[in-house]
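Take a look at the structure set out below.
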Amino acid sequence: MPLNCPLSKHLAIDKSGLERTIILKYTYKKERRDPQIQSYMTDKGKRWRIRFTITIRGKRHQVERQGITSFDMARSMKQSIISDLESETGYTTLTVEEYFEQYCEEKLNNGSWRYSTYARSKSMFKKRFYPDWGDTLMIDVRRGDYQRWITKLIKDKNYAHNTASTFSHIVSSVFADALVNDDIPKNPIQKIKISGTKPRDTSMTRSEFEKVFNYIKLSPSLSTQERAMAMLATLGLRHEEIDGIKLKYVKDNMIGVFEVLNLHGEVTEPKTHSSKRWVPMTPLVEEYVNQAIKETKKVYAKKGRIMSPDDFIFVSHWGNHVRYTQLTQVFQRISQDTGIHVWPHKLRHAFSTIAFGIEGINPRDIANILGHSKLDMSMFYNNGTDEGKQNVITKIGNMF
């Protein structure tokens, strides 16, 4: 639509030789390619002007330039003006990928992230976030665009709600960092609505646990090493804690958790300070662990050396520490043969559920075994069972 603009003044000389002011009124027409750029006709031909308002760090800027000789020049001038204004306010001109990469490196270098967190976050960004957002300037990310994008991603990938929430939380934390550093005017990822499927069911009945336990105990399809690793999972040890056990951390009937072997093959400290602990073993688990150590010593002997206190107790036939995926594969086999979907973390929940169901046990002792600093976390792992609900009803019924 044509736009009427402020009057333009020009000087002219009349027939008497006197100067007089001629007021010209241009008619401006919005460009479809960019409505913030308008064209108009002058006595020297077609010209363009830039006219728009932009708010940066709460300050409103009215921009107007005219007399530009081409649309492309006007568009280039507009971008240059915006860049200059943003530069003056200190906002970053980095792309999402550039800023996120710096953020990850800083988190690793200052000790805020373990290597496993660093590697997982970088991989997640590279695989899921950068293809669509990597080339976007940090200051150009808009909440509505992100909301539509994350909703579609969750639906397309069939993400569980917890997975989607974790992903979006990490993305938001990077923008929060940029906001604190005055690199962007606001965090565009706040209060994003996250959908997703229900998380995997971590509950187990007592009979399901017994079936899995007996399979681990008796199945000929498990090697000595695989049996010992799976048995340690029934005591509530985490996946990476089992992989990271060294000979010096096996003392009598105790397992020391002071180093872990993560998914990326890195030996690091446990997840939290409270995760560093000694965990008692049942006689049966102790027996299987000692059998595994005997076999590991034979592996080292074939390689011409004696097993040292700093050596891992679970190794490949080459004498290297086991791959992270080996225990995953063991539990895939257990799940297939028992018909019960189970993995190490599910057994960790099962341990908590069973332990809290035993009368006379100190809840603090359960938390210490699991490596939780707070009882609330251990209680969260307690899923309860149908048998437990029936027991509650029976006891209440007996009271009345």
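The values are calculated or read from the model by the stated rules, or taken from the named source; none is laboratory data. Computed from a predicted model, the values in this text were never measured in an experiment. Using ideal geometry, Cβ is built from the backbone for each residue, glycine included, and neighbour counts are taken over all protein chains shown. Ligands, DNA and RNA are stripped out before the accessible areas are found, and what is left, the full protein with its side chains, is counted by its heavy atoms. Shrake-Rupley method; radii C 1.70, N 1.55, O 1.52, S 1.80 Å.
Lysines within cross-link reach of Lys122: Cα-Cα under 20 Å, excluding same-chain residues under 8 positions apart?
Cα-Cα hits under 20 Å: Lys107, Lys157, Lys271.
May I ask for the distance between the Cα centers of the range 163-186 and the range 191-242, given as a whole number of Å?
The two parts, judged by their Cα centres, are 34 Å apart.
Positive end of the dipole of the chain, charges at C-beta (+1 Lys, Arg; -1 Asp, Glu), about the Cα centre: which of Phe175, Gln332, Tyr40 has its Cα farthest in that direction?
Tyr40
Taking the range 67-169, which trypsin sites (Lys or Arg not before Pro) meet the DSSP loop condition and have no more than 16 other C-beta atoms within 10 Å?
Arg142
I'm spelling it out carefully: the read-out is P(r) over Cα pairs in 20 Å bins from 0, in percent, the candidates are (1) 21, 39, 26, 10, 3, 1; (2) 19, 37, 22, 13, 6, 1; (3) 22, 38, 23, 16, 2, and one was derived from this structure. Which label?
Working out P(r) over Cα pairs in 20 Å bins from 0, in percent from the coordinates points to (2).
Go through the range 256-272 residue by residue and turn each phi into a ³J(HN,Hα) via Karplus (6.51, -1.76, 1.60, θ = phi - 60°); whole Hz please, and just put x for glycine and proline.
x, 10, 10, 9, 10, 10, 7, 4, 9, x, 9, 8, 9, 6, x, 3, 9
For a quick check of your reading of the filter: which trypsin sites (Lys or Arg not before Pro) in the range 300-389 sit in a DSSP loop and have no more than 16 other Cβ atoms within 10 Å?
Here the sparse-neighbourhood loop sites are Lys303, Arg305, Arg323, Lys374.
Counting only other residues whose beta carbon sits under 12 Å from that of Arg47, what net charge do I get with K and R as +1, D and E as -1?
+4
Which loop GluC sites (Glu not before Pro) in the range 264-325, with loop taken from DSSP, have no more than 16 other Cβ atoms within 10 angstrom of their Cβ?
Hits after loop and neighbour filter: Glu266.
Relative to the longest principal Cα axis of the chain, at what angle does helix 386-399 sit, 0 to 90 degrees, rounded to 10?
70 degrees
Under a straight-distance cross-link criterion of Cα-Cα below 16 Å, which lysines are reachable from Lys46, leaving out those fewer than 8 residues away in the same chain?
Within the straight-line limit of under 16 Å, Lys46 reaches these lysines: Lys25, Lys29, Lys30.
Where the accessible area of the range 270-393 is counted over protein heavy atoms with a 1.4 Å probe, how much of it, in %, is carbon and sulfur?
Ligands and nucleic acids excluded, carbon and sulfur give 56 percent.
Can you list residues whose amide H is under 5 Å from Tyr28's amide H, if they're 5+ apart or on another chain and H is modeled 1.01 Å from N?
Counting only residues 5 or more places away or on other chains, the set is Leu3, Asn4, Cys5.
Report, by chain and number, residues whose modeled amide H sits under 5 Å from the one on His61, excluding near sequence neighbours (fewer than 5 apart, same chain).
Ile54, Thr55, Ile56
Counting only protein heavy atoms and a 1.4 Å probe, tell me what percentage of the range 96-181's accessible area is made up of carbon and sulfur.
Exposed carbon and sulfur together represent 47 percent of the surface.
Roughly speaking, what % of Cα-Cα pairs in the range 86-140 are separated by over 16 Å, rounded to a whole number?
46 percent
What do you reckon, how do His321, His239 stack up by accessible area (1.4 Å probe), largest on top?
These residues rank, largest area first, as His321, His239.
Accessible area per residue, 1.4 Å probe, Å², for the chain: what's the number?
Accessible area per residue, the chain: 58 Å².
What size of dipole, in debye to the nearest 20, comes out for the chain about its Cα centre when the only charges are +1 on Lys and Arg C-beta atoms and -1 on Asp and Glu C-beta atoms?
Approximately 1400 debye in magnitude.
Once the dipole of the chain is set up with Lys and Arg at +1 and Asp and Glu at -1 on Cβ about the Cα centre, which of His372, Asn110, Val257 lies farthest towards its positive end?
With unit charges placed on the Cβ atoms, the residue in question is Asn110.
Can you tell me which lysines have their Cα less than 21 Å from the Cα of Lys217? Leave out same-chain residues fewer than eight positions away.
The reachable lysines, counting only those whose Cα sits under 21 Å from Lys217, are Lys294, Lys346.
Based on DSSP H runs of at least 4 residues, each adding -39500 (n - 2.57), what is the mean residue ellipticity at 222 nm of the chain after dividing by all its residues, to the nearest 500 deg cm²/dmol?
-14500 deg cm²/dmol
In degrees between 0 and 90, to the nearest 10, how far off the longest principal axis of the chain does helix 115-124 point, with axes built from Cα atoms?
So the helix axis and the longest Cα principal axis differ by about 50 degrees.
Return the long-range amide H neighbours of Met254 (sequence gap of 5 or more, or a different chain), with a cut-off of under 5 Å between placed amide H atoms.
Met281
Each residue of the range 276-286 in order: what ³J(HN,Hα) in whole Hz does its phi give by Karplus 6.51 cos²θ - 1.76 cosθ + 1.60, θ = phi - 60°, with x for Gly and Pro?
6, 6, 9, 10, x, 10, 6, x, 5, 5, 4
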